[in-house]
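See structure below.
The numbers here are math on the coordinates, done by the rules we state, and not lab data. On a predicted model such as this, the values are computed, not experimentally measured, just so you know. All Cβ positions, glycine included, derive from the backbone under ideal geometry; neighbour counts span all protein chains shown.
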Amino acid sequence: MKNRIKQKKSIFKTMGGDFSQKNVDCSKGIYALTARDVFKQVNGKFKGQLEVFCTFFEIYCGKVYDLLNNKKKLRVLEDHKNQVQVVDLREQILTSVEDVLSCIQYGMNIRTSGTTSANAHSSRSHAVFQIILRNKTKKEHGKISLIDLAGSERGKDTSSSDRITRMEGAEINKSLLALKECIRALGRRDAHVPFRGSTLTKVLRDSFIGEHSKVCMIAMISPGNSDVEHTLNTLRYADRVKELGTDEVNVKENTEEEEEYRMKYSDGNEEDEEEEYDGEDDVSHAMNDLQETLAELQDMEEQVLESHGDLIRDNHKWTNEYERIYEETIKVVDYDREEYATRLDNVINHNMNMLINLQKKLAIFKEGLLKEEKISKTIQNPKFRKN
C-alpha cells in the first residue's frame, strides 16, 4: 500500500467539503474521499496490521499552527538525519472515517480566513492534513499529505487592503513562488532544490523526494471571462507538476543564508513567468517594492517579538536579583558598599542592554511600517495609476 499512496497538493477550494450551502459539508470533500479509500484498505487487505493517525496544521504568514491543538504555535526544525520535523505537532488516532471528518471539521472551524477583493471568505493560510499509517511497532508505513494551498494574489488586488491583508498576501505569494521554484528545479534535475525558500516547502520536502513519493496537483479554475487571467496563471502553475519525473533525485541544499540571498536577488527572468502586475513600469516597480517591504516587515516583526519575549523572561530572573541584593543589604548594618554597587550596576547594565537592543529593533520596525504605508498610499493614488 505504501507504493500506492499519493501525496496530494491542492489549490482546490472544496478541499474540505461541499461549499454549496452555508455550512461546509465535510463528508463530500477530498479529505473525506481519501479517508474512505484509506480505511477500505486498512480494514480489508491490511486488517489488523496498521493503525491510522492524522495531523492537521496551517501555515500562516510563515508560521505553523496546530489545528488539532487550539492553534498552538509550532516550530519547524531539522533533526540529526536532516529530516524536517514539526515539533510538538499533535497526532490524533483514527478508527473510522467519522473520526477523520470530526478532525477536519474542528480544524476548518479555526483555520485562518478573511475577506479579500476576490472572496468574502478567503483562506489566508495553507492547510496541511496528513493521514499517517503505522504498524504495530509504531513505525511509519506510509503517509498521505493533503495540502489546501491559499490562492496567490496580485499586488494591485491587495494594495488597497489593510496592512494585515497585504502582509498575508505577500507571504502567500512568497511561499507559492518558493514551491514553484522547487518544482522547476526537480523537473530540470537541478543539483540544488530550494526547499528552504519558505516554511511551506520545508514541510513538503519529503513529499517530493521521499521514498516512493508521488505528487498530484488539483487546480480549481473559473469558466468566467472575467477570470481568464487568473485561470491561465493557475494552469501554468499546475502544469509544472507534469515536469516531475519518477527517477530518484539527489538533492543538494544550500544553507538558509544562501537560500535567503538567492530568493531575494533572483532576477526572475523566466520564459513563461506569469505576470502579477500590469500597467506602467512605475506601477510595477512600486508593487515590487511593496512586496519586498512586506516581506521585510514580517522578518522585523519576528525579531521584535522574539526580543520582547526574551526581555519578559529575563526580567523575572533579574527582578528576583534586584530583591535579593536589596534584602541582603538592608539586613546588614555594615555591608560591603562596593560589592553592593557593583552587583546592582551589573543588573542595571544587563537590563539596559536588553532594552536598548529591543528599542533599536522596534525603531527599524516602525520605519518599515511607515515605508509600507507610504508605498501603499502611492499605489492607491488614482493619479499615480493613470500616469
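Multiplying the residue separation of LEU355 and ILE164 by 0.36 nm and subtracting their alpha-carbon distance yields 66.1 nm. Computed 3J(HN,Hα) for segment 93-108, one whole-Hz value per residue from the Karplus formula 6.51 cos²θ - 1.76 cosθ + 1.60 where θ = phi - 60°, is 6, 10, 10, 7, 5, 4, 5, 4, 4, 5, 5, 5, 4, 4, x, 5, glycine and proline marked x. Once the C-beta distance of LYS71 and LEU362 is scaled by a Förster radius of 22 Å, the resulting FRET efficiency is 0.25 to the nearest 0.05.
Between VAL347 and LYS63, residue separation times 0.36 nm minus the direct Cα-Cα distance comes to 98.8 nm. At full extension, THR319 and ASN43 could sit 93.4 nm farther apart than now, given 0.36 nm per residue minus the alpha carbon distance.
Return the subset of LYS81/LYS138; LYS28/LYS174; LYS45/LYS138; LYS202/LYS317; LYS71/LYS174; LYS73/LYS139 for which the Cα-Cα distance in this structure is over 24 Å, preserving the input order.
The answer is LYS28/LYS174; LYS202/LYS317; LYS73/LYS139.
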